[in-house]
1. Do the conditions hold for residue 240, that is, is it within 16 Å of residue 118 (Cα to Cα), in contact with a strand residue (DSSP E or B) (Cβ under 6 Å, 6 or more places away or on another chain) and exposed (fewer than 15 other Cβ atoms within 10 Å of the Cβ)?
2. For the list (1) loosely packed, with under 14 Cβ neighbours inside 10 Å; (2) touching a residue at least 12 places away in the same chain (Cβ under 8 Å); (3) not in a helix (DSSP H, G or I), I need the number of the one condition that residue 227 fails.
3. I'd like the full set of residues that are within 24 Å of residue 158 (Cβ to Cβ) and either touching a helix residue (DSSP H, G or I) at 6+ places or on another chain (Cβ under 7 Å) or free of Cβ contacts under 8 Å to residues at least 40 places away in the same chain (or both), limited to region 122-134.
4. Can you tell me which of 101, 151 is without any contact (Cβ under 8 Å) to a residue 40 or more places away in the chain, more than 17 Å from the chain's Cα centre (by Cα), buried (at least 21 other Cβ atoms within 10 Å of the Cβ) and outside any helix (DSSP H, G or I)?
5. Against the definition (closer than 27 Å to residue 101 by Cα, assigned to a loop (DSSP other than H, G, I, E, B) and away from the ligand (no atom under 12 Å from the Cβ)), how does residue 141 come out, yes or no?
6. Being at positive phi and surrounded by 14 or more Cβ atoms within 10 Å (Cβ to Cβ), is that true of even one residue in region 265-281?
7. Going through region 82-98 one residue at a time, which ones are surrounded by fewer than 23 Cβ atoms within 10 Å (Cβ to Cβ), within 16 Å of the ligand (Cβ to nearest atom) and in a loop (DSSP other than H, G, I, E, B)?
8. So which residues in region 29-40 are surrounded by 13 or more Cβ atoms within 10 Å (Cβ to Cβ) and either in a loop (DSSP other than H, G, I, E, B) or free of Cβ contacts under 8 Å to residues at least 60 places away in the same chain (or both), if there are any at all?
Ligand code: NDP
């Protein structure tokens, strides 16, 4: 149900490429609801004031994308544990006269891998490549699934070390420099690319190319019309299954919709619809 005057948006800069308005329109349609959800271009350096303007125009919910996830976190006066763990938010909800923030990216990733791809994280050996915003959002939701071992590999080793430092106690977690070497013969059941290397046509890979355990999944948070360079590289080196991050995008949006509206949209038909729209270009 759309309550009169309630407005939603995805806020970013740039924002023209965002698929979030389409995804939320498809969710609402599937649920027999309506939603007023638009893409909102925010001037750089002006997030807090733009959020106030959005609020004044009836805005009660926002997804937040690059480069404003840290600003969104700062603007909220109530923060979920997931947002606190990430130090960044992609979700805002105005209620009880204040902004509540959350980070739904990691939940979206875990749901896509476990529910859509059918690969449980519990007891698995996982390599997470990248230590930027997306990796920070994924860390707590991954650890909550109790993997046997989580290794965070990053080009800048110090960033990976800083990321894992608060989680060392009670978790089998360590950090790896991408030019470093894996410990003796370690192979991973799940390798997740959370770097932006593909954007520059690079491959974010550790020195060893022998990464994959039998039946391994290689997952790239990036998505596109074609398999990403990381997906192609992984297939050629023994990953049994590869996936891009389109399902994660839809699942993080579904988690947002659920938090705003109290109802879980169906994601499978939306992922299929977006996949066919991507293929058409
Ligand atoms: P950030 O800019 O915060 O982090 C970038 C990361 O990539 C850093 O760890 C950086 O390493 C690493 N990196 C960049 N270039 C290279 C390279 N050439 N070789 C190796 N490592 C490199 O980006 P985000 O974390 O926000 O986003 C990462 C990716 O995840 C993007 O592709 C984004 O599109 C995707 N994403 C997908 C989502 C989805 O729903 N599917 C949601 C959120 C993000 P260093 O620390 O050394 O600089």
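The values are calculated or read from the model by the stated rules, or taken from the named source; none is laboratory data. Note that the coordinates shown come from a computational prediction; the quantities given were computed from them, not determined experimentally. Neighbour counts are summed over all protein chains in view; Cβ atoms, including those assigned to glycine, are modelled from backbone coordinates with ideal geometry.
1. Spelling it out, residue 240 is indeed within 16 Å of residue 118 (Cα to Cα), in contact with a strand residue (DSSP E or B) (Cβ under 6 Å, 6 or more places away or on another chain) and exposed (fewer than 15 other Cβ atoms within 10 Å of the Cβ).
2. (1) is the only condition that residue 227 fails.
3. If the condition is that a residue be within 24 Å of residue 158 (Cβ to Cβ) and either touching a helix residue (DSSP H, G or I) at 6+ places or on another chain (Cβ under 7 Å) or free of Cβ contacts under 8 Å to residues at least 40 places away in the same chain (or both), then 126, 128, 131, 133, 134 are the ones that fit.
4. After applying the criteria, what remains is 151.
5. no
6. Checked against the condition, which is being at positive phi and surrounded by 14 or more Cβ atoms within 10 Å (Cβ to Cβ), region 265-281 yields no hits at all.
7. Residue satisfying the conditions is 87 alone.
8. Hits for region 29-40 are 29, 31, 33, 35, 36, 37, 38, 39, 40.
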